[in-house]
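Here's the structure, in structure tokens; my notes come after.
The values are calculated or read from the model by the stated rules, or taken from the named source; none is laboratory data. What you see is a predicted model; the values in this text were computed from it and never measured. Here Cβ is always computed from backbone atoms with ideal geometry, including for glycine, and neighbour counts include all displayed protein chains. Heads up: the accessible areas ignore ligands, DNA and RNA and are worked out on the full protein's heavy atoms, side chains in. Shrake-Rupley method; radii C 1.70, N 1.55, O 1.52, S 1.80 Å.
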Amino acid sequence: MMEELDALDRSIIANLQEDGRRSFRRIAENLEVPEGTVRFRVKRLQEQRAMRILAFVDPLQFGYEVSASVLISSPQDRHHEAIEALEAWPEIVYLSSCTGRANIYAHVVCAGRAELLSILTDRLAELPYLSLVETFTELDVHKARYVYPPSSAPSA
């Protein structure tokens with residue numbers, strides 16, 4: 001069971017969002033707490049899946065020329081099956097359930113337009129219970145930042 005985040009947890013996370021490689025010692029100094037406290041809190045946050053530390057890369061630098069958001073619809077009785085199938089696709093880098101015109105949102109990266117076309121017309125067609133609702137192809141990225149603003153949610 002996940003514990004509520006307190007002010008110290010949020011401060012540790014904020015430090016790591018600024019620099020994911022910042023040492024626990026430096027974070028502890030910034031927050032005026034023992035280094036062991038920071039180490040323990042980070043481990044707990046990772047075990048609870050509240051936070052992951054990873055490298056964020058520019059897909060263009062890795063040979064991906066197309067980035068697209070894809071809205072997909074699945075019947076509710078096959079939704080879990082659809083999610084499991086789509087999770088296995090390496091081109092899908094983000095997948096979530098949503099509300100609105102579609103109930104699945106997928107973000108896809110591809111080497112080119114031909115690969116995107118194949119995904120949309122051939123591979124999605126292999127899953128007959130899914131229907132494509134809409135695709136948005138990115139032309140340019142103006143902001144890609146995965147640092148969340150301070151939450152107004154009460155802290156413990």
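For the reader, a short list of remarks on this structure follows.
- Against the numbered list (1) in a helix (DSSP H, G or I); (2) free of Cβ contacts under 8 Å to residues at least 24 places away in the same chain, Ser96 comes up short only at (1).
- Long-range neighbours under 7 Å by Cβ, at least six apart or interchain, first residue within 14 Å of Tyr94 (Cβ to Cβ) and touching a residue at least 24 places away in the same chain (Cβ under 8 Å) within segment 61-79, second in a helix (DSSP H, G or I) and open to solvent by less than 30 Å² (accessible area, probe 1.4 Å): Ala68/Leu116
- Some residue of segment 74-93 being within 30 Å of Asp6 (Cβ to Cβ), of a type in the set (Gly, Ala, Ser) and at pLDDT 90 or above: no
- Which listed residue is open to solvent by 100 Å² or more (accessible area, probe 1.4 Å), hydrophobic (A, V, I, L, M, F, W, C) and at pLDDT below 95, from Leu124, Leu139: Leu139
- Scanning segment 99-128 for residues being of a type in the set (Val, Ile, Thr), part of a helix (DSSP H, G or I) and in contact (Cβ under 8 Å) with a residue 12 or more places away in the chain gives a total of 1.
- Consider segment 81-118 and keep the residues that are of a type in the set (Gly, Ala, Ser) and closer than 15 Å to Ser131 by Cβ. The one that is most open to solvent (accessible area, probe 1.4 Å) is Gly100.
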